[in-house]
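J.: First the structure, which I've put down as structure tokens, then a few questions once you've had a look.
Every number here is computed from the coordinates shown, using simple stated rules; none is lab data. All figures in this text were calculated on a predicted structure; none of them were measured in a lab. Cβ: placed from backbone, ideal geometry, glycine included. Neighbour counts: every protein chain shown.
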């Protein structure tokens, strides 16, 4: 408890400490990402370059590597936010944009754009509209019974499978070169991207900031059942729609910019929840952890098989697979 005069405010130090530690780790990960490569730049020179002191490596650090590192951090944070909101509405640790169909909707629209000869500049807007369209279908199918958690997840899984099948149909009928471009997009990569994509994602989060501040407060009651929530004067259905809509918008925007980078939105909220030891995923910690995960995944994608670069989505899938096995074993252990 935090006492402010005669007012006592509930306060926990652990989320603050975890957020500070994650922020420090994120800064270190960004410095390491800017340091490793050809040429190698010593971390002290990276810090000097970022501070404007001037080094021979300013072009490498600030113009070539920094945009991609910032994009990874911003995109990871957006994935963490989206996953937290969607999991809180679904009340399911396995719910995420790539599970409820948002990623597949964006992927279908992007695949059609990439394989139909559309201009490259139209791929991101098409993916954004596809993700939002998928969300509309999910909301329409899951709207009965006040957007009940189980119905919401089942509707999302059904939509995800349907759109995934349509993606396969488009890929099979496409030119092989266009199909390969679409396949790389579907895996998710940050290669060749930077300030422009980061600005779109950061701008979306900035516009949603008032809503996210409300969401941080509204998530406190997300674990209550509907009758209890109504009994204390809350509107659970409106809250679920608001939280899910915000998460879907963030997920659709970030997927449109960097592709279908799976598992970050799935893993970050639940790992953050365990670090904080809370009943619900903490919004800020999940955002910081998502940023940290994607920065490290992109660093690994650049350096593990250098000079060949892997899509970042390959590394996040390598993280997500063991996580799902861990959740499965943990759930089985509790039931036995």
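J.: Would you please classify the overall shape of the range 1-137 from the alpha carbon gyration tensor, given that a ≥ b ≥ c denote the square roots of the eigenvalues, rounded means a/c under 1.5, and beyond that prolate means a/b larger than b/c while oblate covers the rest? Could the numbers behind the result be given before it?
T.: Numbers: a/c = 2.92, a/b = 1.05, b/c = 2.78.
In terms of gyration-tensor shape, oblate.
J.: Peptides 246-252, 115-121, 132-138: what's the order by average Cβ count within 10 Å, highest mean first? Numbers along the way, then the final one.
T.: Numbers: 246-252: 26.4, 115-121: 11.0, 132-138: 21.3.
Final packing ranking: 246-252, 132-138, 115-121.
J.: While we're here: Between residue 323 and residue 241, what FRET efficiency comes out of the Förster formula 1/(1 + (r/R0)^6) with R0 = 30 Å and r the beta carbon distance, rounded to 0.05?
T.: 0.60
J.: At what distance in nm do the modelled label points of residue 206 and residue 306 sit from each other, each positioned 7 Å from its Cα along Cα→Cβ?
T.: Taking the simple label geometry, residue 206 and residue 306 are separated by 3.3 nm.
J.: Classify the range 16-335: rounded, prolate or oblate, from the alpha-carbon gyration tensor (a ≥ b ≥ c, eigenvalue square roots; a/c under 1.5 rounded; otherwise prolate if a/b is larger than b/c)?
T.: oblate
J.: Follow-up. In which sequence would 58, 98 go, from the one with the fewest C-beta neighbours within 10 Å to the one with the most?
T.: If I rank by nearby Cβ atoms, fewest first, I get 58, 98.
J.: Most fluctuating residue of 268, 73, 162 in a GNM of the chain with Cα springs under 10 Å: which is it?
T.: Highest fluctuation of the listed residues: 162.
J.: Could I have the simple spin-label model distance between residue 161 and residue 140, label points 7 Å from Cα toward Cβ, reported in nm to one decimal?
T.: It is 2.0 nm.
J.: Taking the beta-carbon count within 10 Å as an exposure proxy, list 258, 123, 169 from fewest neighbours to most.
T.: Going from sparsest to densest Cβ surroundings: 169, 123, 258.
J.: For the range 249-272 and the range 147-202, what is the separation of their Cα centres, given in Å?
T.: Each part reduced to its Cα centre gives a spacing of 12 Å.
J.: Can you tell me which of 313, 194, 80 moves the most in a GNM of the chain? Springs connect C-alpha atoms under 10 Å apart.
T.: 194
J.: Given springs between every Cα pair under 10 Å in a Gaussian network model of the chain, which of 39, 97, 269 has the largest fluctuation?
T.: 39
J.: While we're here: Ranking 253, 171 by Cβ neighbours within 10 Å, fewest first, what do you get?
T.: Values: 253 27, 171 18.
Ordered from fewest to most neighbouring Cβ atoms within 10 Å, 253, 171 come out as 171, 253.
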